[in-house]
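Inspection log for the structure reproduced underneath, given as structure tokens.
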Amino acid sequence: AAVVNSPTIDGINNVDQLRATMSNFDSNALGKFVMTGNKTCTLKVSGAVEIPVSRLVSKVTLSSITTSFQLPQHQKMDFELLSVFLTNVPEKIGNFQAQQSNKLINDGVTDMNTIISASGQLLYEKLTVPVAQGVKTDIGHFLYCYPNMLTNPEKPAYLVAETRLGDTIYYYSIDLPKMESNKCYNVALTVTMPGSLIPNVPIEKGDAAF
């Protein structure tokens, strides 16, 4: 078993202890993601063994936004994507086992300054993307998180789009499925009416299709 790009793990005397360890999300950085891997092999007195490893993080991409506002007054307003961020992200997951901590990053936080501070560059990205009415706009911006495995089904991970319609800020929270490490999740958002006025508060079904 191997753990790469991780802070030093002390007190490990055998492989079973290593496989029981957990990884903190804040140990990751762009270009330096924590990776783990397993391989069964026979060790010789000397020589090297290659162990394939993969990232613990999941990748979440907002691939596009299409506006299809139903009311004429909304159709005439300027619409702009201001940022994307992730909520309900596990603070820790198992290096080798499918387990996660109960503590979630951006769990129930409704203040944008707090969200930006807690998210860092992996969970939040500021954008300025105008989106024309009735037109699909490619976004292609991606974020990284530890996978929310839905150990608490009432708290899935959300990809949130912060937008401006006219002079008002609206948020669209898209719930993500049960996630896995080293997998990519693509979201294409279609907006049909104004979203939530509060971050981290999901819109009702029918407000937007995705």
TODO: Compute the distance in nm between two label points, each set 7 Å from the Cα along the Cα-to-Cβ direction, one at Lys126 and one at Leu43.
DONE: 4.9
Open item on the list: With angles folded into 0 to 90 degrees, how steeply does helix 112-123 sit against the dominant principal axis of the chain? Use alpha carbons for both and round to 10.
Closed with: 50
- [ ] Mind checking the full-extension length gain between Gln99 and Thr192? Use 0.36 nm per residue of separation minus the Cα-Cα distance, one decimal, nm.
- [x] 29.8 nm
TODO: State the label only: which of [x] 126; [y] 152; [z] 141 corresponds to volume of the Cα convex hull per residue in Å³ computed from the shown model?
DONE: [x]
Task: Residue (of Ile51, Asn106, Leu71) at the positive-pole extreme of the chain, dipole from beta-carbon charges - done: Ile51
Task: Mean residue ellipticity (222 nm) of the chain, computed from DSSP H runs ≥ 4 via -39,500 (n - 2.57), nearest 500 - done: -2500 deg cm²/dmol
- [ ] Assign unit charges at the C-beta atoms only (+1 for Lys and Arg, -1 for Asp and Glu), then state the dipole size of the chain relative to its Cα centre in Debye, rounded to the nearest 20.
- [x] 620
- [ ] First select every other residue whose beta carbon is under 15 angstrom from the beta carbon of Ala98; then total the charges, Lys and Arg +1, Asp and Glu -1.
- [x] +3
TODO: Putting +1 on Lys and Arg Cβ atoms and -1 on Asp and Glu Cβ atoms, find which of Val129, Thr168, Gly195 reaches farthest to the positive end of the dipole of the stretch 102-210.
DONE: Val129
TODO: Would you mind getting the accessible area per residue of the chain, heavy atoms of the protein chains only, 1.4 Å probe, in Å²?
DONE: 54
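Based on the mean of other Cβ atoms within 10 Å per residue, sort peptides 167-175, 56-64, 34-42 so the most packed one is first.
Sorting 167-175, 56-64, 34-42 by mean packing, highest first, produces 56-64, 167-175, 34-42.
Hey, any idea what % of the chain's accessible area is carbon plus sulfur with a 1.4 Å probe?
49
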Open item on the list: How much length would be gained if the chain were fully extended between Ile9 and Ser54, taking 0.36 nm per residue of separation minus their Cα-Cα distance, in nm to one decimal?
Closed with: 14.4 nm
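The values are calculated or read from the model by the stated rules, or taken from the named source; none is laboratory data. As the structure is a prediction and not an experimental result, all values here were calculated from the model. Virtual Cβ from ideal backbone geometry, glycine too; neighbours counted across all protein chains shown. Please note that ligands, DNA and RNA were not included when accessible areas were found on the heavy atoms of the full protein model with its side chains. Shrake-Rupley method; radii C 1.70, N 1.55, O 1.52, S 1.80 Å.
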